[in-house]
Amino acid sequence: MVKENCGVVGLFSLDGTNVIPMLIDSLRALQHRGQEAWGIAIPKKDPLKKLGLVSASASEFKKIAEEYSSYAAIGHVRYSTIGRSNIENAQPLKVKDLCIAHNGTISNVEELSNLVGGCTFTPQSSSDTLVVAQRLVSLMSENGKLGSALSLLKNEMIGSYCFTFLSDDNSVFAARDPKGFRPMVMGHKDQNNTYIVASESSALAAVGAKLIRDVKPGELIKFSRNGFETEMFSDDTQRAHCSFEFTYFAHPSSNMEGSNVYLARKKIGQFLAKKFPLKDADLVIPVPDSARPAALGFAQELGIPFDEGLMKDRYSKKGPLRSFIEPHQSDRIEINRWIIPITEIISDKHVIVIDDSLVRGTSSKAIIKALRRAGARKISMLITYPQIRFPCYAGIDFPSQEELATYMNGKESSLEEITEKVRNDIGADFLGYNDPENLAKAIGIPHESMCFTCFTGDYSSLGIKPTFKTRLEMKGE
């Protein structure tokens, strides 16, 4: 089974322009959301799916654009949080005359699978997206329209989801879950009268489209020859926007929930400096790349020099990739091997290292070792995100407790004790985490409208009380 925090796109050109080149460019602009596989779908044809990065198929783009020429299409880049990394789990998927691409996680997929034939559900044999598509098609056959089916499905389905759909009548749809866990935006390109929905506005900017607005939580959008239509399939007003999107996942150029991600991250760094005013440091450096705005904001707030003490080797096979969203530990280690310290910058300095998050500790431990070898006198590590102590069932890949750096093997521990354990494990002289209230204030979204389940262990926003499982049980590998 595959559950995902991925990237989705939907395009519809009212003047009949072939949107496939735009779709490919949009997916490339969402590559930071998924590096394992990608795919596209057009009406009346089986989806095209490829393993690896979108750019790895650059030599085929012209051929793909010709063979899959269409004015209506959807696409997907995949990052798996559960399930094996293979072509069978790549998206979009097609069930009867409906194609679907999904960003999120369906938490009660085992229960939902019983409504589509009572099949035995295992991570090796099924996909939450496939189960949803099968149930949705079944409900549509009984109730007609997609909106009516979603209104019923939302009561059966627990989890986070942004969907793009494509029907064989050449209509493109997009839907966002009622809590707004995952981001989704809508835009328009005047030049060829094309509507676009995507996980982030960076995908719009890549094709010259203008951002119109966020897709509302609980909203279903339809693009067809009749133009743009919208309806609400849920009237839920409680929000649970994913806080991890703002510190790590989203592209810094994107705008989400009325905030620019780069500016939000810079402000997070400023607020982190007020929490940890380490004024005796010589230098502030970011862990490349997503921590850079926060490190700059931190340095500016305290008046400490900012510099690039760590560089990624962009020319190695794994160097340009994001280690966190790699599915295998060996790949994460390979990526972190190619984060190289600049000795002349950090030698004999008290260095403050700013990172966006500390999940498994793989990156942090490797980076601190590298800084020690390069002669750093003292290393203080500050994390813009709070302690990640519980699994995420809303689409982020930390599905089991024992793989988290904060795991205390069942021992009751205070936040201070957990921090000290992690500090010792990674080898830092000082370790400090942000807290949810400070993070929410910096972003500018009310604390109660954001999801911090991975810190609190309160899964009420998802409506579940999970039974924690091992990575083997969750990933099926």
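The values are calculated or read from the model by the stated rules, or taken from the named source; none is laboratory data. Predicted, not measured: the structure shown is a model, and the values here were computed from it. No Cβ is skipped: glycine too gets one built from the backbone with ideal geometry, and neighbour counts run over all protein chains shown.
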Exercise for the section: Scan (1) free of Cβ contacts under 8 Å to residues at least 24 places away in the same chain; (2) assigned to a strand (DSSP E or B) for the single condition Thr237 breaks and write down its number. Expected result: (2)
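Residue-wise test of (1) part of a loop (DSSP other than H, G, I, E, B); (2) in contact with a helix residue (DSSP H, G or I) (Cβ under 6 Å, 6 or more places away or on another chain); (3) surrounded by fewer than 19 Cβ atoms within 10 Å (Cβ to Cβ); (4) of a type in the set (Ser, Thr, Tyr).
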site: Ala394; (1), (2), (3), (4): yes, no, no, no
site: Ala442; (1), (2), (3), (4): no, yes, no, no
site: Ile445; (1), (2), (3), (4): yes, no, no, no
site: Glu448; (1), (2), (3), (4): no, no, yes, no
site: Asp458; (1), (2), (3), (4): yes, no, yes, no
site: Gly463; (1), (2), (3), (4): yes, no, yes, no
Completion exercise
From the option list Ser138, Ser148, single residue qualifying as surrounded by fewer than 18 Cβ atoms within 10 Å (Cβ to Cβ), closer than 26 Å to Ile464 by Cβ and touching a Phe, Trp or Tyr at 6+ places or on another chain (Cβ under 9 Å) is Ser148
Handout entry: Any pair with Cβ under 9 angstrom, 6 or more apart, that starts in segment 90-114 at a residue that is touching a residue at least 40 places away in the same chain (Cβ under 8 Å) and within 16 Å of Ile396 (Cα to Cα) and ends at one that is acidic (Asp, Glu) and in a loop (DSSP other than H, G, I, E, B)
Key = Gly104/Asp177
Exercise for the section: Could you check Ile426 against (1) under 12 Å from Cys454 (Cβ atoms); (2) in contact (Cβ under 8 Å) with a residue 60 or more places away in the chain and say which number it fails? Expected result: (1)
Exercise for the section: Determine which single condition Val284 fails, assuming it passes every other condition in (1) outside the structural domain of Asn434 (by TED's automatic domain parsing); (2) part of a strand (DSSP E or B). Expected result: (1)
Handout entry: Checking Met186 against (1) surrounded by 22 or more Cβ atoms within 10 Å (Cβ to Cβ); (2) touching an Asp or Glu at 6+ places or on another chain (Cβ under 8 Å); (3) closer than 14 Å to Ala101 by Cα, the condition it does not meet
Key = (3)
Exercise for the section: Scan segment 189-200 and give yes if some residue there is part of a helix (DSSP H, G or I), in contact (Cβ under 8 Å) with a residue 24 or more places away in the chain, surrounded by fewer than 24 Cβ atoms within 10 Å (Cβ to Cβ) and polar (S, T, N, Q), otherwise no. Expected result: yes
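Does segment 217-225 contain at least one residue that is of a type outside the set (Phe, Trp, Tyr) and surrounded by 24 or more Cβ atoms within 10 Å (Cβ to Cβ)?
yes
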Handout entry: Cβ pairs under 8 Å, 6+ apart, first in segment 54-77 and of a type in the set (A, V, I, L, M, F, W, C), second surrounded by fewer than 16 Cβ atoms within 10 Å (Cβ to Cβ)
Key = Phe61/Pro21; Ala65/Pro21
Fill in the blank from the handout: Those residues of segment 210-234 that are among the hydrophobic types (A, V, I, L, M, F, W, C) and either without any contact (Cβ under 8 Å) to a residue 24 or more places away in the chain or not assigned by TED's automatic domain parsing to the domain that holds Ser26 (or both) come to a total of 1
Problem - All strands (runs of 3 or more DSSP E) inside segment 15-108 with 1 or more residues being in contact with a Phe, Trp or Tyr (Cβ under 8 Å, 6 or more places away or on another chain) and at positive phi - result: 98-106
Practice task
Determine the pairs where a residue that is under 19 Å from Ser363 (Cβ atoms), located within segment 401-413, has a partner that is loosely packed, with under 15 Cβ neighbours inside 10 Å and β-branched (Val, Ile, Thr) with Cβ atoms under 7 Å apart, the partner being 6 or more residues away or on another chain.
Solution key: Glu402/Thr470
Exercise for the section: Consider Ile325 carefully, then state whether it is β-branched (Val, Ile, Thr) and either over 19 Å from the mean Cα position of the chain (by Cα) or modelled with pLDDT of 55 or more (or both). Expected result: no
Problem - Among (1) under 20 Å from Lys145 (Cβ atoms); (2) outside the structural domain of Asn170 (by TED's automatic domain parsing), the one test that Ser254 misses - result: (1)
Problem - Hey, Ile64 surrounded by fewer than 21 Cβ atoms within 10 Å (Cβ to Cβ) and among the β-branched types (Val, Ile, Thr) or not - result: yes
Fill in the blank from the handout: Residue hits (segment 173-187; at negative phi and in a loop (DSSP other than H, G, I, E, B)) are Asp177, Pro178, Lys179, Phe181, Arg182, Pro183, Met184
Handout entry: The listed residue being surrounded by fewer than 18 Cβ atoms within 10 Å (Cβ to Cβ) and within 25 Å of the chain's Cα centre (by Cα), out of Gln238, Gln300
Key = Gln238
Fill in the blank from the handout: In segment 1-49, anything acidic (Asp, Glu), over 15 Å from Ile100 (Cα atoms) and modelled with pLDDT under 95 is listed as Glu36
Fill in the blank from the handout: Residues in segment 110-132 that are modelled with pLDDT of 85 or more and in contact with a strand residue (DSSP E or B) (Cβ under 8 Å, 6 or more places away or on another chain) total 6
Exercise for the section: Report whether or not Ser253 is of a type outside the set (A, V, I, L, M, F, W, C), at pLDDT 95 or above and either out of contact with any Lys or Arg (no Cβ under 8 Å at 6 or more places or on another chain) or surrounded by fewer than 19 Cβ atoms within 10 Å (Cβ to Cβ) (or both). Expected result: yes
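A quick yes/no check of all residues on (1) in contact with a helix residue (DSSP H, G or I) (Cβ under 9 Å, 6 or more places away or on another chain); (2) modelled with pLDDT of 95 or more; (3) aliphatic (A, V, I, L, M); (4) crowded, with 23+ Cβ neighbours inside 10 Å:
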residue: Phe233; (1), (2), (3), (4): yes, yes, no, no
residue: Ala273; (1), (2), (3), (4): yes, yes, yes, yes
residue: Leu278; (1), (2), (3), (4): yes, yes, yes, no
residue: Ile285; (1), (2), (3), (4): yes, yes, yes, yes
residue: Pro288; (1), (2), (3), (4): no, no, no, no
